[in-house]
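The values are calculated or read from the model by the stated rules, or taken from the named source; none is laboratory data. None of the values given here were measured: they were computed from a predicted structure. FYI the Cβ positions are ideal-geometry reconstructions off the backbone, even for glycines, and counts take in every protein chain you see. Accessible surface is based on the protein model in full, side chains and every heavy atom, while ligands, DNA and RNA are left aside. Shrake-Rupley method; radii C 1.70, N 1.55, O 1.52, S 1.80 Å.
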Amino acid sequence: QTGSPRNLPSETIIEPICALIPAGDFLMGCEQFRDDERPVHRVWVDAFEMAIFPVRSRDFAVFMQSTGHPAPPNWNQPGFDNPDHPVVAVSWVEAQKYCQWLAGMTGRDYRLSTEAEWERAARGGEEGRPYPWGDDPPQDRPEYLQRWGGEVPGPLRVGTGTPNPFGIFDLCENVHEWCADWYKTDYYVHSPRHNPGGPAAGERRASRGGSWRHHVKVSRLAARSSIPPTFQYADYGFRVVRAHRLEGAIEMEQ
């Protein structure tokens with residue numbers, strides 16, 4: 001189907017609300033868990049702006065209406081038809097097309113984040129903790145149990161959790177978020193220190209964040225995942241970033 005989610009009115013393009021992620025360095029990765037998160041290494045990332053929410057169904061509907069792009073799977077199915085849910089079942093290729101369209105319509109250079117930018121933003125200016133809030137596992141937190149306990153039929157509306165110190169929502173939960181990078185298990189061994197952008201080629205694209213379909217639905221900050229760029233999974237969405245321009249960004253203290 002090419003229609004909008006039910007009850008979603010036609011609307012004009014609304015640029016995403018973005019938060020400023022200041023330039024700085026941070027310790028990327030984790031030594032305690034998976035091989036692809038090692039070694040922990042210090043990375044510098046230039047300032048950029050990240051959307052405080054993943055791309056919603058209402059945002060993707062405007063793209064569809066503007067370009068004639070077909071609806072992704074699950075588009076009007078119960079549990080996926082709320083306009084303020086993150087759009088899901090969008091491939092990496094489709095996410096790229098959306099970014100190119102949004103850039104062309106607004107004159108801003110919208111794109112997917114690199115893995116390094118995503119982790120820098122998710123850490124909120126803090127280092128050495130596995131989760132946005134600290135060390136406690138999500139299963140020990142009442143907010144996690146309220147939002148993700150029991151059977152979950154689909155993603156939640158964006159922005160219903162607590163923002164991180166940069167003012168960004170949903171970074172480690174709800175849906176996996178496509179990143180710009182190709183994925184390689186040992187990339188951290190060779191990663192450059194300044195603005196790493198992933199391997200030059202590969203078979204899978206990197207993604208970050210938790211998933212409503214997982215047993216444990218909130219991911220660690222350093223956790224990496226990947227799938228081929230043409231796959232359309234019901235727990236995969238995306239978030240946009242853009243180059244830093246002071247006006248229009250939410251300034252957040254580190």
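Counting residues that are small (G, A, S) and under 13 Å from the mean Cα position of the chain (by Cα), which strands (runs of 3 or more DSSP E) fully inside the range 148-254 reach at least 1?
Passing ranges, in order: 176-182, 205-208, 225-227.
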Is it fair to say G154 is open to solvent by less than 30 Å² (accessible area, probe 1.4 Å), touching a Phe, Trp or Tyr at 6+ places or on another chain (Cβ under 9 Å) and either modelled with pLDDT under 95 or under 25 Å from P39 (Cβ atoms) (or both)? yes
Reported set for the range 134-147 where residues are surrounded by fewer than 16 Cβ atoms within 10 Å (Cβ to Cβ) and either assigned to a helix (DSSP H, G or I) or touching a helix residue (DSSP H, G or I) at 6+ places or on another chain (Cβ under 7 Å) (or both) is Q139, D140, P142, E143, L145, Q146
When the range 92-129 is checked residue by residue, the ones that are part of a loop (DSSP other than H, G, I, E, B) and under 13 Å from the mean Cα position of the chain (by Cα) are S113, T114
Exception for N82 within (1) at pLDDT 95 or above; (2) in contact with a Lys or Arg (Cβ under 8 Å, 6 or more places away or on another chain); (3) open to solvent by 30 Å² or more (accessible area, probe 1.4 Å); (4) of a type outside the set (D, E) falls at (1)
N76 passes all but one of the listed conditions (1) surrounded by 19 or more Cβ atoms within 10 Å (Cβ to Cβ); (2) touching a Gly at 6+ places or on another chain (Cβ under 9 Å); the exception is number (1)
Restricting attention to the range 1-32, the residues that are at pLDDT 75 or above and open to solvent by 40 Å² or more (accessible area, probe 1.4 Å) number exactly 8
Note: among H214, H190, just one is open to solvent by 20 Å² or more (accessible area, probe 1.4 Å), more than 25 Å from D46 (Cβ to Cβ), without any contact (Cβ under 8 Å) to a residue 24 or more places away in the chain and not hydroxyl-bearing (S, T, Y), namely H214
Residues in the range 170-185: is at least one in contact with a strand residue (DSSP E or B) (Cβ under 8 Å, 6 or more places away or on another chain), crowded, with 20+ Cβ neighbours inside 10 Å and on the phi > 0 side of the Ramachandran plot?
yes
Note on A206: of the conditions (1) among the small types (G, A, S); (2) open to solvent by 10 Å² or more (accessible area, probe 1.4 Å); (3) in contact (Cβ under 8 Å) with a residue 60 or more places away in the chain, unmet is (2)
